[in-house]
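Structure record follows, encoded as structure tokens.
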Amino acid sequence: MPTVLVVDDSSALRQLTVGVLRRVGYTVLEASDGREGLDTALREQPDLILCDIHMPVLDGWDLVREARSSEALGTTPVLMLTSDNDRLSVRRAMAAGADDYLTKPWTQAELLSAVTSLLEKAERYKADAVRSQDQLRSAVLATILHELRTPMVSLVGSTELLLTRRNRYSPERVQGMLEDVHRSAQALTRTISRMMDWAELSGAGASSNTAPVLHHLPVTQAIEEVLGSSAFAKEVQSVLKVPPETQGGVFASHPVQVRLEACHVQCWGPDFYKVMTELLVNALRFSKPGRPVGVTGKAIGHELYQLEIANLGVAMPERFIAQIGALSQADRDLHEQQGMGLGLAIGQLAAKRNGATLQVTRFDGMPTVVRLVFRTAKVRADALPGSQAQSISDCA
């Protein structure tokens, strides 16, 4: 039978609830305040949490909010208990992430009905997750076969010709074939590296609880470093198969226009560079010839920072957006989108590891917009170098 955690500071009501649930066979845990309840939930991983709203130490709203920010309890169903006329509390509880509520006084039938309903919903969610994982494995295998086969065929074919017929070719032809071999080897190396990134992020590394220590990352400086790095220029050159650019801020004939509000965000530097590289290369690859790619950023209130990458190009089918996590390839017969699904999946998982979200908010090509939302970070004045040490602001 499932395990249910009952969190209520009223001993009488808690014992009544526990008794009803135990009589029908549930394993029941108890906690007398919100902090004890949260600690018990994190330790015991119950299948369902029943939680009063008004409690000492940590109230029900904060308990739910902290539970939802935890990887371990992010999807655990929560049933809130409240009084008949406490509609504002109910709305706050649902906004914090509660799944359902039950007003006091409740009947035994009402309690068991609500508990059964939420547990059944949780089972459906788990079944859906298993199906998604199965689809993901199939998509990964299909992607690996395609991404690896193309350069491998070129490598095998070119090296075989060089080994068996090299004396028949001119030095110029041999040079061209060797260059093809080198490009195929680079493509193969890149694919294997990205597959390793995806595998690492898909495992324990994608959990926010196991993420590297979060840094207070200055967005403006980080974007400048990405766009100004030789690694990014080589990535663009390799993926888009173009010569090196000589004009600053232009990649594959596409100007990158940046307009950002200064802000520090909670993100590990290597993950930020990985996400931005994947998203910017995708935007450049699928832009119309010569059209700019835009990078804009602004603070949303005091706690969030929104970063958007936009490009004018090929529209993405809605079904593709719905299957980003499964590494889909959209309309390959019409537009070559090799690796696009993998790039977005890597970006999505790297963002998640840092408590951020990645979403394709518009995909009709006019423009295509990918949005990242980070948590902002407060920075102490004495932690900032040089001239920056005058301010103690997270976002300008």
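The values are calculated or read from the model by the stated rules, or taken from the named source; none is laboratory data. Note that this is a predicted model, so its numbers are computed, not measured. In this analysis, Cβ positions are derived from the backbone assuming ideal geometry, glycine residues included, and neighbour counts consider all displayed protein chains. All accessible areas refer to the heavy atoms of the entire protein, side chains included, with ligands and DNA or RNA removed. Shrake-Rupley method; radii C 1.70, N 1.55, O 1.52, S 1.80 Å.
Determine the sum of side-chain charges near Thr27: Lys and Arg each +1, Asp and Glu each -1, restricted to other residues whose C-beta is under 13 angstrom from that of Thr27.
Values: positive: Arg22, Arg23; negative: Glu30, Glu44, Asp47.
Counting the neighbours of Thr27, the net charge comes to -1.
Size of the stretch 216-290: Rg and Dmax of its alpha carbons, in Å, are 12.5, 36.
Counting only other residues whose beta carbon sits under 13 Å from that of Pro270, what net charge do I get with K and R as +1, D and E as -1?
Working: positive: Lys274, Arg353; negative: Asp197, Glu200, Glu225, Asp271, Glu278.
Summing Lys and Arg as +1 and Asp and Glu as -1 gives -3.
Computed over the stretch 156-207, the quotient of the alpha carbon radius of gyration and 2.2 N^0.38 Å is 1.76.
Rounded to the nearest 20 debye, the dipole magnitude of the stretch 46-106 is 220 debye, with +1 charges on Lys and Arg beta carbons, -1 on Asp and Glu beta carbons, and the Cα centre as origin.
Normalise the Cα radius of gyration of the stretch 1-41 by 2.2 N^0.38 Å (N = residues in it) and let me know the number. The partial results should precede the final answer.
Numbers: Rg = 9.8 Å, N = 41, 2.2 N^0.38 = 9.0 Å.
Against the compact-globule rule of thumb, the ratio is 1.09.
Counting heavy atoms of the protein chains alone, Thr107 has an accessible area of about 70 Å² for a 1.4 Å probe. Relative intensity of the stretch 38-124 on a log10 scale, I(q)/I(0) at q = 0.11, 0.12, 0.13, 0.15 Å⁻¹, equals -0.27, -0.33, -0.38, -0.52, per a Debye sum over C-alpha point scatterers of equal strength in the absence of solvent.
Keeping the other protein chains in place, figure out the carbon and sulfur percent of the accessible area of the stretch 235-305, with a 1.4 Å probe. So the carbon and sulfur contribution to the accessible surface is 55 percent.
The calculated Kirkwood hydrodynamic radius for the stretch 19-81 is 11.9 Å, given to one decimal from all distinct C-alpha pairs.
Give me the percent of accessible area attributable to carbon and sulfur for the stretch 31-100, probe 1.4 angstrom.
On the way: 1360 of 3070 Å².
It is 44 percent, rounded to a whole number.
Remark: the stretch 210-293 carries 49 Å² of accessible area per residue (probe radius 1.4 Å; ligands, DNA and RNA excluded). The amide H of Val360, built 1.01 Å from its N in the peptide plane, has Arg371 as neighbours under 5 Å, considering only residues 5 or more places off or on other chains.
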